[in-house]
1. Say we look at region 37-55 and pick out the residues that are buried (at least 20 other Cβ atoms within 10 Å of the Cβ), assigned to a helix (DSSP H, G or I) and hydrophobic (A, V, I, L, M, F, W, C); which of these is modelled with the lowest pLDDT?
2. Find all pairs meeting these conditions: Cβ atoms under 6 angstrom apart; at least six residues apart or on different chains; first residue within region 344-358 and within 17 Å of A418 (Cα to Cα) and modelled with pLDDT under 85; second residue of a type in the set (A, V, I, L, M) and surrounded by fewer than 22 Cβ atoms within 10 Å (Cβ to Cβ).
3. Just to verify a result, which residue in region 98-121, among those that are out of contact with any helix residue (DSSP H, G or I) (no Cβ under 7 Å at 6 or more places or on another chain) and closer than 26 Å to Y247 by Cβ, is modelled with the lowest pLDDT?
4. As an exercise: evaluate G365 against (1) in a loop (DSSP other than H, G, I, E, B); (2) modelled with pLDDT of 75 or more; (3) over 20 Å from the mean Cα position of the chain (by Cα) and give the number of the one condition it does not meet.
5. Which residue out of V432, V404 is of a type in the set (A, V, I, L, M, F, W, C) and more than 26 Å from the chain's Cα centre (by Cα)?
6. Among the residues of region 65-73, is any under 30 Å from N116 (Cβ atoms), more than 17 Å from the chain's Cα centre (by Cα) and at pLDDT below 80?
7. Looking at G85, G100 in this structure, which one is closer than 30 Å to T50 by Cα, surrounded by 15 or more Cβ atoms within 10 Å (Cβ to Cβ) and touching a residue at least 12 places away in the same chain (Cβ under 8 Å)?
8. Give region 237-262 a look and list any residue that's surrounded by 22 or more Cβ atoms within 10 Å (Cβ to Cβ), of a type in the set (A, V, I, L, M) and over 18 Å from K393 (Cβ atoms), or say none.
Amino acid sequence: MLVEDQNFIGNNSNTSQASWIGIGSLATFGLSLITVAVLSRYLNKEEYGTYRQILFIYNTLLVIFTAGLPRVFNYYLPRFELSEGKEIVLKISKVLFLTGLLFSVFLFTTSGVIANILKNPELSKGLKYFSPVPMLLLPTLGIEGIFSTYRRTIYIAIYNILTRTIMLVFIVAPVVIFSGGYIFAVYGWIISSFIIFIIAFYYKNIPFRGILQKESGLGFREILNYSLPLVSASIAGMIYRGANQFYISRYFGPEVFAEFSNGFIEIPFVHMITGATSTVLMPVFSKIVYEKSDISKITELWQSALNKSAILIYPIVIYFIFYSKELVTIVFSETYANSAKYFSVAMIINFFNIIVFAPLLLSLGKSKFYARFHYGLAIITWVVEYLAIIIFKTPISIAITFVVIATCGSIIPLAYIAKCIKVSIIRLFPIVRLLVIAMHSFIAMFLVNFSMRRFLAGSSDLLFVTIAGLLYLGMLLISAKWFKIKYWDIVRPLLKNNKSHK
């Protein structure tokens with residue numbers, strides 16, 4: 001993650017800006033993890049599986065009803081004055097409220113059909129109770145795009161921590177205090193969504209306080225010309241990612257779906273880092289392309305981002321691979337020990353998820369390719385995973401198939417970008433350097449794990465992975481200079497930025 005550029009809106013580096021986003025995401029992950037850990041223990045597998053199915057349906061349909069509008073902020077706000085940006089934010093927020101209302105109506109009226117498709121009758125009741133949530137949450141979207149554009153990402157961190165804490169309290173407390181089922185958690189979603197709705201509208205006005213609103217001249221046609229290809233790509237991405245959960249839910253039942261949901265996840269830290277990188281780089285790339293600056297600026301920013309992302313992500317991925325069983329058991333209890341096999345398979349994706357190609361493609365105006373590529377990926381995924389079910393008849397085969405397809409899905413767009421900007425793909429994906437970083441982490445983890453298994457084999461899982469993590473961190477820092485890896489260079493800009501605020 002995390003690159004340096006002092007010439008774009010403000011003096012704070014992209015590293016420190018992205019770090020604030022990462023801090024907010026870290027808190028979000030921690031609070032979300034507590035939520036699912038508690039619910040996994042207080043709900044039986046069938047109820048927990050139904051709850052996760054509700055969230056799967058919500059997140060799946062979300063990309064359709066948002067119409068790509070939250071991503072418009074990153075693209076257009078850097079190109080307009082602050083007073084015009086105020087009008088753009090208000091205009092898009094109104095549309096998001098209307099689409100949220102449509103989303104809520106759709107969930108309520110089609111709940112029975114969806115329950116039949118996924119072969120879970122209880123899902124119909126759950127979706128009806130959950131249906132008010134989209135109307136309240138969709139208008140809150142876009143906070144990250146607004147504050148990253150105006151280089152005030154510390155507000156993103158505060159917002160994420162505040163809203164996730166509210167969700168944790170209202171979702172978990174009713175289940176724990178009243179020993180309620182998943183419906184009590186759904187009640188918590190509704191209450192917390194209403195509170196967040198109010199907070200978000202206050203937040204969206206922060207960058208524009210004291211600013212007189214001025215017409216931007218940006219019409220809905222122009223906005224939709226940009227956003228609709230993103231909607232198309234998002235729908236394809238939804239179809240692509242939904243294949244796993246649909247097949248597991250339909251062919252193996254809610255209990256296996258619960259195990260799969262708790263196991264087949266990407267490391268949240270990876271999404272924090274790549275998501276922060278994407279949020280910060282999108283406005284930068286958009287401005288460079290709009291002003292027709294030297295294309296080498298893009299490749300320099302990209303190389304720096306990729307290298308720093310790998311330095312942060314690869315050690316975490318390898319640690320999670322080595323201790324997948326222990327970590328899954330600690331978080332979700334022994335009941336979900338079977339989820340560890342899905343977790344181990346999912347880790348492989350994270351070696352390639354450092355390739356955040358969307359900001360580059362969209363800044364270059366290649367949204368049509370972006371959409372077509374995702375549709376192709378979606379079709380391949382559904383066909384190949386269905387064949388895997390017929391041939392192997394096991395849920396793990398779906399996980400492995402998805403990993404292979406997802407890996408190819410990260411490399412192909414990068415090759416296309418390299419062709420567009422007329423550079424070697426090695427400049428965008430320095431495989432040798434990435435292998436060095438991965439090898440360093442693997443060697444350090446292997447030595448630590450060998451020692452731990454030999455001398456502390458009888459320890460509790462929590463103590464075992466904690467000591468292993470500390471030893472691993474020490475081994476990485478001590479040996480980093482031999483592999484020419486500079487962890488301190490990533491931390492220093494954030495520390496400098498913090499000192500400047502004191």
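The values are calculated or read from the model by the stated rules, or taken from the named source; none is laboratory data. Keep in mind the model is a prediction, meaning the values are calculated, not measured. Glycine gets a Cβ as well: all are built from the backbone with ideal geometry, and neighbour counts include every protein chain shown.
1. L39
2. Final answer for the pair search is I355/L414; F357/L414.
3. This residue is I117.
4. (2)
5. Details: V404 fails: more than 26 Å from the chain's Cα centre (by Cα).
Step by step, each of V432, V404 is checked, and only V432 is of a type in the set (A, V, I, L, M, F, W, C) and more than 26 Å from the chain's Cα centre (by Cα).
6. Yes, region 65-73 contains a residue that is under 30 Å from N116 (Cβ atoms), more than 17 Å from the chain's Cα centre (by Cα) and at pLDDT below 80.
7. Numbers: G85 fails: closer than 30 Å to T50 by Cα.
On inspection, the qualifying residue turns out to be G100.
8. Hit for region 237-262 is A258, nothing else.
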